[in-house]
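Peer 1: Dumping the structure here so I can ask a few things about it.
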Amino acid sequence: MTIALARWITGVLLGGAILGLAAQTARAQALDFSGDWQTYWRTGSAILSLTQDGDRVTGTYQPDDGSVEGTVAGRVLRGSWEQPGASGSFVFALSEDGQVLTGRFGNGEYWNGFRDMSETGSGAWHLANGTPRETLRSLLLATNAAVYAGDAGALRKVSNLITYSGPSATAVQKAQRRAVMFNILDMSTLRIMDVPVVADQSDQDTVRFDIGPAGITEKTAIEFKADAFGRWRLDLPTVEVLVAERDRLLAALGYESMAELDRARANSPRAVMREFVQGTNSWKEGGDKRALSVMDLSAIPERLHDLEGPIYADFVKRILDRVAYVIWQEIPDDPDRSVPYVYFQHPVGSITIARVSEVIEEGGEPAERWKISAETLSTAPDLLAAMQDLPVIGGLEDPEPLSPYFRLRETVRAANPALVAALGYLEIGNGLALAPRSSPPLWRSDWSWR
């Protein structure tokens, strides 16, 4: 063996040892259970906050006012949990990268979760309960994120937004009340601005507000109560009372269950907005198909749908992020609504969801579907230009571009905002030779060609 070859082998072995040591060090660092975890089990979810000191782990979880403590051995955490009216044991195993918990309760039910690394989203919302209006808005933001976006972190402050009337209840009974109340809220259509800000002078500690589904006259009253510090909470009666109210509203709508109602309202303005927002928020994970499916692209030649659809999704998404937090329950979910739903009006354009007749299956009969209107897409470039300098809502960030066009647009705007304003949607693309000069322009504002 030559000296050069020996040195090469020694270098390879030394490099491998260094890499192995680095990997072991990384794995050792990942053994820390400290942090916030979004966790789920068969009948609920919670944000679990853990602190590790040596081999001891303590923590809390919300919204059930629970606590945990345990001991770490290797990658395994064994301990006990306790919350008002219930307690038990658990075991967690930490994944190799330290990002996932896999575990179970002492009764054998699973309890799994993942590390919450987000710096935005529910953690950035301003959840308040200074008035009944603030309380309901905060509660809907949190529960919508938890139920529809799987964000267990949104449940952190739910316990500060609700209270329970009647006899004392266990944690399981409280969870049942929360679930049924969300059913009632979710089947309703309401305006947050209609919720009272202050109590009636005749009853300073209680505010009642009627809610109910769109399309019927039946309503139910929800009640807010103020505590000694002037903080307002939504009061949840017993589960029997809540179930009776939910079933009464369902019967008035003509449905026997929430599942049946959900199937019916899958084609509604509310479902369209939810599919679009959640689709654009998870664009690279398959959300693009969700968002594009609820946009009326009929005014664009079909061969250009894949190219121009993401561009118009970009425009609409950026407009919505400057308007307001989207609260699903403010958008009608009546599939039989007779007129288009206008979410946002502006002198330049609007965000409108309207019925569109289309053939869903080849050879099938045309069916009516609710979609973001073609007119909305056509005016979106001018609408965004008019409100471009309006900051996005607090707690949100300017979204990552969904299309190559917007990546270029934002680069140009960062260099010279006036250039974007002067050139507009059509000219940026043509001016930078993104489309052949001999073919019709791919980036246009008048939609005058077919």
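The values are calculated or read from the model by the stated rules, or taken from the named source; none is laboratory data. Computed from a predicted model, the values in this text were never measured in an experiment. Virtual Cβ from ideal backbone geometry, glycine too; neighbours counted across all protein chains shown.
Peer 1: Exactly one of (1) out of contact with any strand residue (DSSP E or B) (no Cβ under 6 Å at 6 or more places or on another chain); (2) free of Cβ contacts under 8 Å to residues at least 60 places away in the same chain is unmet by Leu242. Its number?
Peer 2: (2)
Peer 1: Of all the residues that make up the range 187-239, how many are among the hydrophobic types (A, V, I, L, M, F, W, C) and part of a loop (DSSP other than H, G, I, E, B)?
Peer 2: Summing the residues that are among the hydrophobic types (A, V, I, L, M, F, W, C) and part of a loop (DSSP other than H, G, I, E, B) in the range 187-239 gives 10.
One line per residue, one yes/no per condition, for (1) in contact (Cβ under 8 Å) with a residue 24 or more places away in the chain; (2) within 29 Å of Leu190 (Cβ to Cβ); (3) in the same structural domain as Gly150 (by TED's automatic domain parsing); (4) buried (at least 21 other Cβ atoms within 10 Å of the Cβ):
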| site | (1), (2), (3), (4) |
| --- | --- |
| Gly286 | no, no, no, no |
| Lys289 | no, no, no, no |
| Asp314 | yes, no, no, yes |
| Leu320 | yes, yes, no, yes |
| Gln345 | no, yes, no, no |
| Ser350 | yes, yes, no, no |
| Ser357 | no, no, no, no |
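Peer 1: Still on this model: Is it the case that Ala146 is in contact with a Ser or Thr (Cβ under 8 Å, 6 or more places away or on another chain) and either modelled with pLDDT under 90 or within 16 Å of Ser45 (Cα to Cα) (or both)?
Peer 2: So Ala146 fits the description; yes.
Peer 1: Suppose we filter Glu397, Glu361 for residues that are in a loop (DSSP other than H, G, I, E, B), at pLDDT 65 or above and exposed (fewer than 11 other Cβ atoms within 10 Å of the Cβ); which single one remains?
Peer 2: None of the other options fit; the residue is Glu361.
Peer 1: Considering only the range 306-316, I want to know if a residue exists there that is hydrophobic (A, V, I, L, M, F, W, C), in a loop (DSSP other than H, G, I, E, B), at pLDDT below 95 and at negative phi.
Peer 2: The answer is no; no qualifying residue exists.
Peer 1: Still on this model: Among the residues of the range 87-102, what is the count of those that are surrounded by 13 or more Cβ atoms within 10 Å (Cβ to Cβ) and over 12 Å from Leu48 (Cβ atoms)?
Peer 2: 10
Peer 1: Continuing with this model, one more query. Looking for something out of contact with any helix residue (DSSP H, G or I) (no Cβ under 6 Å at 6 or more places or on another chain), surrounded by 13 or more Cβ atoms within 10 Å (Cβ to Cβ), farther than 30 Å from Tyr164 by Cβ and at pLDDT 80 or above - is there at least one such residue anywhere in the range 66-74?
Peer 2: So far as the range 66-74 goes, yes, one or more of its residues are out of contact with any helix residue (DSSP H, G or I) (no Cβ under 6 Å at 6 or more places or on another chain), surrounded by 13 or more Cβ atoms within 10 Å (Cβ to Cβ), farther than 30 Å from Tyr164 by Cβ and at pLDDT 80 or above.
Peer 1: Ok, one more. Mind listing just one residue for me: the one in the range 280-305 that is assigned to a helix (DSSP H, G or I) and of a type in the set (Asp, Glu) and, of those, nearest to Pro401 (Cα to Cα)?
Peer 2: Filtering the range 280-305 for residues that are assigned to a helix (DSSP H, G or I) and of a type in the set (Asp, Glu), the one nearest to Pro401 (Cα to Cα) comes out as Asp288.
Peer 1: Report whether or not Gly254 is surrounded by 15 or more Cβ atoms within 10 Å (Cβ to Cβ) and without any contact (Cβ under 8 Å) to a residue 12 or more places away in the chain.
Peer 2: Answer is no for this residue.
Peer 1: Is there any pair with a first residue in the range 39-53 that is more than 12 Å from Phe90 (Cβ to Cβ) and of a type in the set (Phe, Trp, Tyr) and a second that is in a strand (DSSP E or B) and modelled with pLDDT of 80 or more whose Cβ atoms are under 7 Å apart and which are 6 or more apart or on different chains, and what are they?
Peer 2: Listed pairs, sorted by first residue: Tyr40/Asn112; Tyr40/Gly113.
Peer 1: Look through the range 262-284, keep the residues that are among the charged types (D, E, K, R) and in contact (Cβ under 8 Å) with a residue 40 or more places away in the chain, and return whichever of them is farthest from His346 (Cα to Cα).
Peer 2: Arg265
Peer 1: Now, a different point. Has the range 209-220 got at least one residue that is touching a residue at least 12 places away in the same chain (Cβ under 8 Å) and farther than 30 Å from Arg263 by Cβ?
Peer 2: no
Peer 1: Select, from Leu127, Leu140, the only residue that is under 21 Å from Arg233 (Cα atoms), modelled with pLDDT of 90 or more and either among the basic types (Lys, Arg) or touching a helix residue (DSSP H, G or I) at 6+ places or on another chain (Cβ under 8 Å) (or both).
Peer 2: Leu140
Peer 1: Can you give me the number of residues within the range 310-327 that are farther than 12 Å from Val277 by Cα and small (Gly, Ala, Ser)?
Peer 2: 1
Peer 1: Looking at (1) in a helix (DSSP H, G or I); (2) modelled with pLDDT under 95, which is the one condition that is false for Ser168?
Peer 2: Only one criterion in (1) in a helix (DSSP H, G or I); (2) modelled with pLDDT under 95 is unmet by Ser168, namely (1).
Peer 1: While we're on this one: I need the full set of residues from the range 75-124 which are modelled with pLDDT of 85 or more, within 30 Å of the chain's Cα centre (by Cα) and charged (D, E, K, R), in order please.
Peer 2: Hits for the range 75-124 are Glu82, Arg104.
Peer 1: Can you tell me how many residues in the range 304-358 are farther than 25 Å from Gly286 by Cβ and of a type in the set (A, V, I, L, M, F, W, C)?
Peer 2: Counting residues in the range 304-358 that are farther than 25 Å from Gly286 by Cβ and of a type in the set (A, V, I, L, M, F, W, C) gives 7.
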